[in-house]
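The values are calculated or read from the model by the stated rules, or taken from the named source; none is laboratory data. None of these values were measured; they are calculated from a predicted model. Backbone-built Cβ (ideal geometry, glycine too); neighbour counts: all protein chains shown. Just the protein is used for accessible areas: all its heavy atoms, side chains included, with ligands, DNA and RNA removed. Shrake-Rupley method; radii C 1.70, N 1.55, O 1.52, S 1.80 Å.
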Amino acid sequence: ADMERLVERLEKAVERLETVCQGSGMCGDAPAKGVAQYVQAFDALLAGPVAEYTKISKEVGGDVQKHAEMVHAGLMSERALLVVASQHQQPSENAFSDLLKPISEQIQAVQNFREKNRGSKLFNHLSAVSESIPALGWVAMAPKPGPYVKEMTDAAMFYTNRILKEYKDVDKKQVDWVKAYLSIWTELQAYIKEYHTTGLTWSKTGPVATAGAKAAPAPPAGVAPPPPGPPPPPAPVSSSTDDSASRSALFAQINRGEGITSGLRHVSDDMKTHKNPALKNQGGPVRSGPKPFTAPKPACNANPSQGSSPKAPPLLELEGKKWRVENQENATNLVISDTELKQVAYIFKCTNSTLQIKGKINSITLDNCKKLGLVFDDVVGIVEIINSRDVKVQVMGKVPTISINKTDGCHVYLSKSSLDCEIVSAKSSEMNVLIPTEGGDFTEFPVPEQFKTVWNGQKLVTTVTEIAG
């Protein structure tokens, strides 16, 4: 009797195991039933590099962990779209835009989180993610989604290099975080190259996808989706899909040749106003033509005074070891005098203002500033100028490195003791370095913006190209 009960219990246990395996599709090495191969490959990416990134982000904690949860939510939204594409035929442009909204919203959430936490001690981490997260929009790119992801990855490198420089010999966990995060996009490029070389692959059978199409919620085993961040306002969907579709339709019309005019109606002389002036005097409302197309301005560039959100107040304060100078306008006498060697200065969104920093500090960062004048004594680390326009920087003492990135119009005045300063520039224009003379004046030297690269048989050789005249 005991043996019979034992056999009965074993049979029930086997039945339950079989039910679980069939429901999850993850039993043994068998692939999930009915799940497309490229969805399974994406699940492998989620279970590999993405899981490692979320694990290390959780160990780092704080803002990095919260950011990672939003990134994971965006990747899960992308998986849902891949499942829809594997089961449906390609939808109309409007339906596709609706399907892209969850991904677009998560991208916006990630970027908004960074903007709201500019005072974070892990701001470089947030910036690396924020600059590269648009890579999730590869599903709307054609015919080269892979290079688009690489371009977004390169945008993150500026900040990941700063993280590596800061933590290389200090905290191995931070270095591992960089490697894990960048590996997501590296693996995604390989994934796209194998399954979606020229764009998102849709099913050849099944119904046409609609805005209400839903995917089966089957994340890979062991990777539970974290709670999403606060719902942001819908972000504008990339227009590249619409543009490519419009161009395709236009070329299709042009290729019809003479047949393109077959649908036109002949207009006789008595219907032409310049040959029949009486038509101009006939009654009835005058019909005005359509207004010229005006591209909508992105929400981030809207005038804050016209929006619902209040204008950010000006700020000049010491927060821990960071001097924060933000949202200053028409302020011509800003001074930071009580400085220490371990302090840094972060200057953000200041316009038509001047700032003097006295003493010796660790580093200075200018971000998103316009028509700003900066004068400082000594910096032991680096002075960085990012996303700015028409700025002037003068060093009175010494500085080892000045970095200029994504900036148009930058004048750097060096002192005699800082002539050995290294100036690194990228994606910038109208840069000039002014060298002091014996008479107390300055001689201006432009920083090259144009280069020539040739293959010498063994390697690429790049030289400066000077534009005459």
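Please find the FRET efficiency linking Lys358 to Leu460, where r is the Cβ-Cβ separation and R0 is fixed at 30 Å, and quote it to the nearest 0.05.
Working: r = 45 Å, r/R0 = 1.50.
The value I calculate is 0.10.
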### Task
Pairs to check: Lys358/Lys406; Lys398/Lys459; Lys150/Lys371; Lys144/Lys311; Lys55/Lys101; Lys179/Lys358. Give those whose C-alpha atoms are more than 31 Å from each other in this structure.
Lys398/Lys459; Lys150/Lys371; Lys144/Lys311; Lys179/Lys358
### Message
Once neighbouring chains are kept in place and the probe is 1.4 Å, which whole percent of the accessible area of region 315-464 is contributed by carbon and sulfur?
### Response
49 percent
### Query
How much solvent-accessible surface does Trp185 expose, in Å² to the nearest 10, with a 1.4 Å probe and all protein chains in place?
0 Å²
### Task
Note the full-extension length gain between Val170 and Gln89 as 0.36 nm times their separation in residues minus their Cα-Cα distance, in nm to one decimal.
24.0 nm
### Message
Starting from the 7 Å offset along Cα-to-Cβ, what nm value, one decimal, do you get for the label separation of Ser337 and Val424?
### Response
3.5 nm
### Summary
Plugging the Cβ-Cβ distance of Thr210 and Asn161 into 1/(1 + (r/R0)^6) at R0 = 45 Å yields, to the nearest 0.05, a FRET efficiency of 0.55
### Query
Taking amide H positions as placed 1.01 Å from N in the peptide plane, with prolines and chain starts having none, which residues 5 or more places from Lys371, or on another chain, fall under 5 Å of its amide H?
Asn352, Arg389, Asp390, Val391
## Note on the structure
Once all protein chains are kept in place, Phe348 shows an accessible area at probe 1.4 Å, nearest 10 Å², of 20 Å²
### Task
May I ask you to give the solvent-accessible area per residue for region 315-464, in square angstrom, as obtained with a 1.4 angstrom probe?
53 Å²
### Query
For region 37-196, what relative contact order do you get, as a whole percent, if you take Cα pairs closer than 8 Å and at least 6 residues apart?
28 percent
### Task
Normalising by the residue count of region 315-464, find the relative contact order in percent from Cα pairs under 8 Å and 6+ residues apart.
13 percent
### Summary
Note to self: C-alpha centroids of region 96-159 and region 327-394 sit apart, in Å, by 28 Å
## Note on the structure
Accessible-area order for Arg389, Arg324, largest to smallest, probe 1.4 angstrom, reads Arg389, Arg324
### Query
Probe 1.4 Å, all protein chains in place: accessible area of Lys370 in Å², nearest 10?
90 Å²
### Query
How many nm separate the modelled label positions at Glu59 and Asn330, each set 7 Å beyond the Cα in the direction of the Cβ?
5.3 nm
